[in-house]
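The structure appears below as structure tokens.
Each reported figure results from applying straightforward, stated rules to the coordinates on display, with no laboratory input. The shown structure was predicted, so the numbers you read here are calculated from the model rather than taken from an experiment. Note: ideal-geometry Cβ built from the backbone for every residue, glycine included; neighbour counts use all protein chains shown.
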Amino acid sequence: MTERTELQKDEERPLLSHLAELAIRLRRAFITLFVAFIIFFAFGYTTISVSGHVVPIIYPNLFHSFSDELMLFFIHHELPPQLKLLNLNPFDPLYASAYVSFYMSIFISLPIFLKEFWGFVSPGLYEHEKRLIKYTITPAILLFAAGSLFAYFIIVPLMMKFVVLYTTALGVEPTLSLRAFVSTVVSLMMVTGIAFEYPLVMASLTYIKVVKADSWKKNWRWGVMGAFIIAWIISPGTTGGVIETTIGVILSVLYFVGVVSAKIIEKRSFRNTKI
């Protein structure tokens, strides 16, 4: 009985130590996220002249913070001149600033999250699993950035123009609340960025031998249907199917990119195994 109890304690100690390590790493990552959020939300920047040199400094400024500057950028570049912004609730500007600050802090703290995640899982991974994570980090960031830029330059302007045309046709003055505008821009950039990870997920599943490359090719109809389902979920649904179709076509193209990538990865892994 005593030996069994000692074995149970020995088995519990590694689990508790892993949980403690995970808690420490998550705390570091979330502290970084929190600090970045506070800086973007409540701090701005200015310049001072020191010995003839211009030096930028950061100082507390809730009314002209980094997030406020980005909101002004959104307003001047994404909002059509005919569409007027309204402040419907007293705290809408603060909510909008919080949305932008959270989005920016995610970008800033993402390397810390990845570093802590890698430090936690890498000791228990095989070499091919480590290679998979290393090879997917850069494409994942690039695809997310491409999706966010696609939303910013294509989806949001198209949606705003449709709103103006439709409300004008109805004889209604085109207006939009500040909170709705900022949250729409930020959420579309974030969700579309995640959706653009489509081919990377496919290639990763083939790399770990969960799905064969031929399976992706044979079931391309399901892949295209899935692309349009994702487009229907993430689209704002205000343009009568124009945005949904545009996103669906782009994701369908990305699906076939994933098919080609999976085929290349499968051939390379077969050659390595053969050697």
Computed FRET efficiency, Cβ-Cβ of ILE31 and ASN87, R0 25 Å: what is it to the nearest 0.05?
0.15
Between ILE154 and VAL210, what is the label-point separation in nm under the 7 Å Cα-to-beta-carbon projection?
2.6 nm
Take the Cα atoms of the chain, find their three principal axes, and give me the spread along each one in whole Å, biggest first.
76, 55, 50
Of LYS134/LYS218; LYS130/LYS217; LYS130/LYS218; LYS134/LYS217; LYS134/LYS209, which sit over 20 Å apart, Cα to Cα?
LYS134/LYS218; LYS130/LYS217; LYS130/LYS218; LYS134/LYS217
For the range 179-188, 3J(HN,Hα) per residue [Karplus equation, 6.51 cos²θ - 1.76 cosθ + 1.60, θ = phi - 60°, Hz, x = Gly/Pro]:
5, 5, 5, 5, 5, 5, 4, 5, 5, 5
Report the calculated FRET efficiency for SER49 and LEU94 (r = Cβ-Cβ distance, R0 = 41 Å), to the nearest 0.05.
0.80
Length-normalised contact order of the range 2-194, Cα under 8 Å, at least 6 apart, in percent, tallies to 27 percent
Using the 10 angstrom Cβ neighbour count as an exposure proxy, how do ASP92, ASP214 rank, fewest first?
ASP214, ASP92
Can you give the helix-only mean residue ellipticity at 222 nm for the chain, where every DSSP H stretch with n ≥ 4 adds -39500 (n - 2.57) and the sum goes over all residues, rounded to the nearest 500 deg cm²/dmol?
-25500 deg cm²/dmol
Pop a pseudo-label 7 angstrom from the Cα along the beta-carbon direction at both ALA23 and HIS64 and give the gap in nm to one decimal.
4.5 nm
The answer for SER177, listing residues at least 5 apart or on another chain whose modeled amide H is closer than 5 Å to its amide H, is LEU86
